[in-house]
Amino acid sequence: MIDLLANSLVPIFVGLLFGYMAGLRKVVDNKNVKTLVSFLMTFALPCYLFVTMASTPRELLWGQAKPALAFAIVYTALFVATYYASRNLSKDTAANSGVLALTLGFPNAAAVGIPLLLAVYGPRASVTVAVALAVGAITITPITIAILESGTGAGRTLSHSARIRASLWNALKNPVFWAPVLGVILAVVKFHMPVYVEKSLSILGAATEGTALFVTGLIVSAQRFRLNWSVGWGVLAKNVIQPALCFALVSPLAMPLEQTRYVILLSAIPCGFFGILFGEGFDATPEVASSSLIASTVLGIFTLAGWIVFLDRLH
């Protein structure tokens, strides 16, 4: 078990550390990461998701409905709870609350989920990782964008439903969403890609893990950190409560043990960086979100190890 934990967790946090040190020492500009993020979100990650889905047997894809439902529930539950707690208890703005809610609600599956589940459970877990990313891209991400856009001059002229529709359409156009959907369609109709096409896309997709880890560390190095009760509760909610809620869902959904392990471990992954990236474009950079991202990532070394051990003993 010690070897499993070391082999699965150490490479992840070494990758994060490289990005953090590169940003801290100004080897790479940690204030302007738009180019790296664009490469990750427009090319590398969509290629990974597309190839993963397209190469998955149709029978296996039918079994992803329950994991998708579980992800939608746990992402939305933490998002809504965080948003309303921030608005009503902390009296923060809607934009800042939306950024915090997305930071806590959407795990960093792109950077941590891919290498972690492949190391712990092998290639058979990759399709569930792709589902987790696609669900987050079409559920709480467009809601966050709608909240942020509602604070702009143009956004105030639109109705609430119109903002939701516009944000949903933007999400549908995002390669992170339509690439896995296209892959699913090809898998369902049993279309076999030419080998040279699959290998070409796989080369770009293979850059996802390293780029996502490096970018996460880079973004963390540029964030403010201040430990307080809000950050503590945020980390507890993300690293412990969200996967515990997921664990409570597996019995009613009657998921197989293997899928149960995948879904819970993906839910236990630390905070994602999408919320902070979106917020920077709207001058919504709450300190509690950046501090939660840092604390959740650091403490994730221990909480992820605990969840891996727990899931290994689950029968």
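The residues in the range 10-31 that are at pLDDT 90 or above, at negative phi and not in a helix (DSSP H, G or I) can be counted, and the count is 4. If you go through the range 266-285 and keep only what is over 11 Å from LEU104 (Cα atoms) and open to solvent by 10 Å² or more (accessible area, probe 1.4 Å), you end up with LEU277, PHE278, GLU280, GLY281, PHE282, ASP283, THR285.
Rundown of residues vs (1) open to solvent by less than 50 Å² (accessible area, probe 1.4 Å); (2) among the hydroxyl-bearing types (Ser, Thr, Tyr), yes/no style:
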| site | (1), (2) |
| --- | --- |
| SER202 | yes, yes |
| THR208 | yes, yes |
| VAL215 | yes, no |
| PHE225 | no, no |
| LYS238 | yes, no |
| ILE241 | no, no |
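Restricting the range 68-86 to residues that are out of contact with any Leu (no Cβ under 6 Å at 6 or more places or on another chain) and farther than 22 Å from ALA130 by Cβ, the residue that is surrounded by the most Cβ atoms within 10 Å (Cβ to Cβ) is TYR83.
Restricting the range 188-200 to residues that are modelled with pLDDT of 90 or more and in a helix (DSSP H, G or I), the residue that is most open to solvent (accessible area, probe 1.4 Å) is TYR196.
Look at (1) buried (at least 18 other Cβ atoms within 10 Å of the Cβ); (2) over 25 Å from SER90 (Cα atoms); (3) hydrophobic (A, V, I, L, M, F, W, C) and you find that PHE302 fails only one, number (1).
Scanning the range 88-109 for residues that are part of a helix (DSSP H, G or I) and under 15 Å from VAL231 (Cα atoms) yields ASN96, SER97, VAL99, LEU100, ALA101, LEU102, THR103, LEU104, GLY105. Applying the criterion of at least 1 residues that are under 18 Å from the mean Cα position of the chain (by Cα) and over 21 Å from LEU16 (Cβ atoms) to the helices (runs of 4 or more DSSP H) found wholly in the range 233-315 leaves 242-253, 257-267. I need the full set of residues from the range 243-256 which are out of contact with any Phe, Trp or Tyr (no Cβ under 7 Å at 6 or more places or on another chain) and open to solvent by less than 60 Å² (accessible area, probe 1.4 Å), in order please. Scanning the range 243-256 gives ALA244, CYS246, LEU249, VAL250, LEU253, MET255. Condition first: in contact with a Gly (Cβ under 6 Å, 6 or more places away or on another chain), open to solvent by 60 Å² or more (accessible area, probe 1.4 Å) and modelled with pLDDT under 95. Can you find one or more residues in the range 32-51 that meet it? No, that holds for no residue. All conditions but one from (1) within 17 Å of LEU245 (Cβ to Cβ); (2) open to solvent by 10 Å² or more (accessible area, probe 1.4 Å) apply to LEU104; the one that does not is (2).
Looking across the range 52-67 at every residue that is in a helix (DSSP H, G or I), of a type outside the set (Ser, Thr, Tyr) and buried (at least 16 other Cβ atoms within 10 Å of the Cβ), the one that is modelled with the lowest pLDDT is identified as LEU61. VAL263 meets the conditions (1) buried (at least 16 other Cβ atoms within 10 Å of the Cβ); (2) over 25 Å from LEU60 (Cα atoms) in every case but one. The failed one is (2).
The values are calculated or read from the model by the stated rules, or taken from the named source; none is laboratory data. Here the structure is a predicted model, which is why all the values come from computation and not from measurement. Cβ: placed from backbone, ideal geometry, glycine included. Neighbour counts: every protein chain shown. Just the protein is used for accessible areas: all its heavy atoms, side chains included, with ligands, DNA and RNA removed. Shrake-Rupley method; radii C 1.70, N 1.55, O 1.52, S 1.80 Å.
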